[in-house]
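Contents: one structure, followed by commentary.
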Amino acid sequence: MKFYLVSLAVGLLVGCIYAMLGVRSPAPPAIALIGLFGMLVGEQAVPIAKRLISGEPVTVSWFRSECVTRISGVTPPPPAPVDNKAGHDRAA
């Protein structure tokens, strides 16, 4: 959460500097956000291409753990514990 607040504070500071200098921001906000999103997604094209070139599969679990976390900035939850008690008793 701290990174979001720092980012917001820096954005506000830059906005104030723009206003004091009498200039407009370089891009409308929606276009700037779409551009940033494109940059984040584009960064993930290289690891996917490397994986495909090396012959490794691009699975959903790999994509979620490697790409989605970098695009969204949110760490995925830990995997659920495996229940090995599916009707099987093991005698010791």
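What to note about this one:
- Degrees between helix 29-53 axis and first principal axis of the chain (Cα, 0 to 90, nearest 10): 40 degrees
- Helix content alone sets the calculated 222 nm mean residue ellipticity of the chain: runs of n ≥ 4 DSSP H residues at -39500 (n - 2.57) each, divided across all residues, give -18500 deg cm²/dmol.
- Sites MET1 and ILE53, calculated FRET efficiency, Cβ-Cβ separation with R0 30 Å, nearest 0.05: 0.20
- The chain: proportion of alpha-carbon pairs further apart than 23 angstrom, %: 54 percent
None of the figures in this text is laboratory data; all of them are computed from the coordinates on show. All values derive from a computational prediction rather than experimental measurement. Note that each Cβ is placed from the backbone with ideal geometry, even for glycine, and that neighbours are counted across all protein chains shown.
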